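Worksheet: one structure, shown below.
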Amino acid sequence: MVLWGPMWSWVVRAGPGGKGRSRDPGDGYISRMDAGFVALFRHHAWASDRLFAACEGLPADHLEFVVQGTFGGLGATLRHLVEAEERYVRGLRGETAPGPDAAGGIDRPVPPEALAPSVRVLRRRAASSAAALIELAEATTSDAVVTATHQGQPAVVRAITFFTQALDHGCEHRTQVRHSLTILGYDPPDIDGWAYDEEVLGPLPG
């Protein structure tokens, strides 16, 4: 079968025992991303959702708050986080339009009053793109490449580069938002690995 339609250009077929996967042509085994890799995106989805939830009730003047050295206003940073992640998903799917370049992006901070849509809508979009990243991570082979738009031109990009960028970019801007919330006097949500282990994974069996 062809995997993910336009995203992939090879055919997946069963190897010995029905478990192997190889390109066509060729019979070399190609492993999928392991469970630990996929788990990083489950934490990523949870952390982003908790942060967006914490920002849903912020007044407009706090969404306009700018901390020097960050992307821009708090609200604009949330929007940038979402829009960039949607580009990464498009890139991993081999979709070159609509929107800015999948690899790198071209959006810039905008006046905070131009923030649209609402944080609630951004939260739904963030959840959707995070779920897509989990599905893609589960389906992607470790040496996969995709064709995406970069600097206005088609470019072949390693899938792992998009995945790495999504995690790094999300962590960077979540940290900026948490810093802004702290300065504004809020107690930002605890979204590190320890909190995820306690709240989501729970106690080890036995």
Response to the item:
Scanning segment 167-199 residue by residue, the ones that are more than 15 Å from Leu51 (Cβ to Cβ) and among the hydrophobic types (A, V, I, L, M, F, W, C) total 2
Worksheet item: From the residues in segment 171-191 that are free of Cβ contacts under 8 Å to residues at least 60 places away in the same chain and in a loop (DSSP other than H, G, I, E, B), which one is surrounded by the fewest Cβ atoms within 10 Å (Cβ to Cβ)?
Response: Gly185
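Scan segment 131-146 residue by residue and report those that are in contact (Cβ under 8 Å) with a residue 40 or more places away in the chain, of a type outside the set (Gly, Ala, Ser) and not in a loop (DSSP other than H, G, I, E, B).
Passing the criteria: Leu133, Ile134, Leu136, Glu138, Thr141, Val146.
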Worksheet, complete the sentence: For segment 147-170, the count of residues that are in a helix (DSSP H, G or I) and surrounded by 14 or more Cβ atoms within 10 Å (Cβ to Cβ) equals 10
Worksheet item: Any residue at all in segment 48-70 that is touching a residue at least 24 places away in the same chain (Cβ under 8 Å), among the small types (Gly, Ala, Ser) and under 17 Å from Cys171 (Cβ atoms)?
Response: yes
Worksheet item: Counting only residues that are in contact (Cβ under 8 Å) with a residue 60 or more places away in the chain and not small (Gly, Ala, Ser), how many does segment 149-170 have?
Response: 6
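For segment 192-204, name all the residues that are in a loop (DSSP other than H, G, I, E, B) and either touching a strand residue (DSSP E or B) at 6+ places or on another chain (Cβ under 9 Å) or over 14 Å from Ala45 (Cα atoms) (or both).
Gly202, Pro203, Leu204
We did not get these values from a lab; they are worked out from the coordinates using the rules stated. The shown structure was predicted, so the numbers you read here are calculated from the model rather than taken from an experiment. Reconstructed Cβ throughout: ideal geometry from the backbone, glycine too, with neighbour counts over all protein chains shown.
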